[in-house]
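Asker: Submitted below is the structure of interest, expressed as structure tokens.
Readers should treat all values here as calculations from the given coordinates under stated rules, not as data from a laboratory. This one's a predicted model, so the numbers in the text were calculated from it and none came from an experiment. Positions of Cβ are backbone-derived with ideal geometry, glycine not excepted, and every protein chain shown enters the neighbour counts.
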Amino acid sequence: MPAAAPHIPVLIDPLIRAVSPVRGTWLDGTFGAGGYTRALLDAGADEVIGLDRDPLALELAKEWAAEETRLRLVQGNFSRLDEHAEALDGVVLDLGVSSMQLDRAERGFSFQSDGPLDMRMSQEGPSAAELVNEADEGLLADILFQYGEERASRRIARAIVRERPITTTGRLSEIVEGVLPRQKPGQSHPATRSFQALRIAVNNEYGELAEGLMAAERALSPGGYLAVVTFHSVEDRMVKRFMQSRAGQTGGPSRHQPMQETEPPAFTLVSRKAIGPDAEETGRNPRARSARLRVARRTEAPAKPIDPKTLGMPVVKGFKL
Ligand SMILES: C[S@@+](CC[C@H](N)C(=O)[O-])C[C@H]1O[C@@H](n2cnc3c(N)ncnc32)[C@H](O)[C@@H]1O
């Protein structure tokens with residue numbers, strides 16, 4: 001297995017600054033290569049629960065966990081993080097895939113290296129190949145459009161159905177390239193949006209995010225922090241709407257909208273605006289360019305579910321994993 005480039009954690013300094021002083025028990029819901037966990041331990045956390053759905057991420061950290069008594073590794077999805085811990089002092093989520101997942105061709109996430117069309121972070125459940133080869137054309141087009149914001153979704157879906165079966169990332173990338181205009185300098189690769197859409201679908205990333213935010217609300221103690229790093233506008237919108245809504249900041253009453261009975265807010269916002277990387281960080285790590293950090297702090301108000309639709313979560317009708 002070729003060695004993958006190490007994952008460079010993004011926005012880690014602003015995150016630690018926003019939640020300092022770091023104390024008590026934290027849950028890192030996207031353990032990955034452990035960059036956030038390490039920073040939290042270095043900053044003074046008494047214990048960090050390192051959760052990841054990818055068994056390989058945890059396997060690679062086994063030796064570290066054997067020596068570090070303040071680290072506990074757990075395999076699972078962050079949508080159910082409250083099943084692994086309660087009364088937490090902080091929860092961090094750093095969304096998306098790690099460099100370790102992206103750079104290993106055999107995990108099938110990347111159009112840049114040829115591998116099996118897989119894309120499953122947890123290494124179980126239906127793979128991208130099953131989705132691409134079994135879904136009907138309309139559903140594929142909706143996935144590409146809703147999850148990848150791909151305007152040529154119908155054309156790409158038609159080409160995929162014509163060329164099936166498709167078993168490798170290289171072949172899928174070729175098919176997408178074949179129906180889209182040639183990439184201009186400075187533009188992203190033509191297959192970027194299609195690969196993102198399939199990855200989001202295979203891993204139920206938006207459903208996980210909506211449920212994960214609610215699970216964090218249930219698991220945090222009063223005063224506990226929720227810090228989330230996103231990598232594209234849809235994720236950032238979901239986190240922003242969740243935090244604003246649960247902090248009671250969804251717009252005040254107006255002449256047209258009479259005052260409604262308000263519930264006590266479950267969070268206060270630590271940063272009103274999203275925090276992005278500075279020039280030094282983007283120079284060092286281009287992956288940080290689109291990263292946005294939002295931080296909120298739990299109050300004593302009881303946890304409450306929220307309708308994912310109010311978060312602006314894209315929905316593909318008829319799609320169920
Ligand atoms: C961007 S990486 C995190 C990198 C990490 N912060 C670091 O510094 O090394 C995202 C990680 O989260 C995991 N992940 C993504 N969605 C998840 C979910 N719903 N539940 C649990 N783990 C998830 C992925 O498997 C991946 O390892």
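Asker: Local charge sum around S113 (other residues, Cβ-Cβ under 14 Å, Lys/Arg +1, Asp/Glu -1)?
Answerer: Taking every Cβ under 14 Å from that of S113, the sum is -2.
Asker: Now, a different point. Under a 5 Å amide H to amide H cut-off, with H placed in plane at 1.01 Å, what residues pair with H7 once short-range neighbours are removed?
Answerer: Hits under the 5 Å cutoff: M100.
Asker: If the convex hull of the alpha-carbon atoms of the chain is projected onto planes in all directions, what is the mean projected area in square nanometres?
Answerer: So the Cα hull casts an average projection of 17.9 nm².
Asker: List the residues whose amide H sits under 5 Å from the amide H of V74, counting only those 5 or more places along or on another chain, with H placed 1.01 Å from N in the peptide plane.
Answerer: Excluding prolines and chain starts, which carry no amide H, the hits are G50, L51, D52.
Asker: For region 1-131, what class follows from the C-alpha gyration tensor (a ≥ b ≥ c being the square roots of its eigenvalues): rounded when a/c is under 1.5, otherwise prolate if a/b is larger than b/c, else oblate?
Answerer: prolate
Asker: What ³J(HN,Hα) values, in whole Hz, does the Karplus curve 6.51 cos²θ - 1.76 cosθ + 1.60 give for region 14-21 when θ = phi - 60°, with x put for Gly and Pro?
Answerer: The phi angles translate into x, 5, 5, 4, 5, 10, 7, x Hz.
Asker: Explain nothing, just the number: relative contact order of region 1-128, from Cα pairs under 8 Å at least 6 residues apart, as a whole percent.
Answerer: Here the relative contact order equals 25 percent.
Asker: So what is the relative contact order for the chain, in percent, with contacts set as C-alpha pairs under 8 Å and at least six apart?
Answerer: 19
Asker: Rounded if a/c is under 1.5, else prolate if a/b beats b/c, else oblate: with a ≥ b ≥ c from the C-alpha gyration tensor eigenvalues square-rooted, which is region 15-92?
Answerer: Because a/c hits 1.5 or more and a/b fails to exceed b/c, region 15-92 counts as oblate.
Asker: Moving on. Could you count how many Lys pairs in the chain have their Cα atoms under 29 Å apart, skipping same-chain pairs fewer than 8 positions apart?
Answerer: Lysine pairs satisfying the spacing and distance rule in the chain number 11.
Asker: Once you put a point 7 Å from the Cα of T192 and another 7 Å from the Cα of R17, both along the Cβ direction, what distance in nm separates them?
Answerer: The answer from the label model is 2.8 nm.
Asker: Using θ = phi - 60° and the Karplus relation 6.51 cos²θ - 1.76 cosθ + 1.60, list the HN-Hα couplings for region 70-84 in order, rounded to whole Hz, with x at every Gly or Pro.
Answerer: Once rounded to whole Hz, the list reads 8, 10, 10, 9, 9, 8, x, 9, 6, 4, 10, 4, 6, 7, 9.
Asker: While we're here: Around T168, which amide H atoms from residues at least 5 apart in sequence, or from another chain, sit under 5 Å from its own amide H, with H modelled in the peptide plane?
Answerer: Amide H neighbours of T168: L117.
Asker: When you have a sec, figure out the Kirkwood radius of region 123-202 from all distinct Cα pair distances and drop it here in Å to one decimal?
Answerer: 12.5
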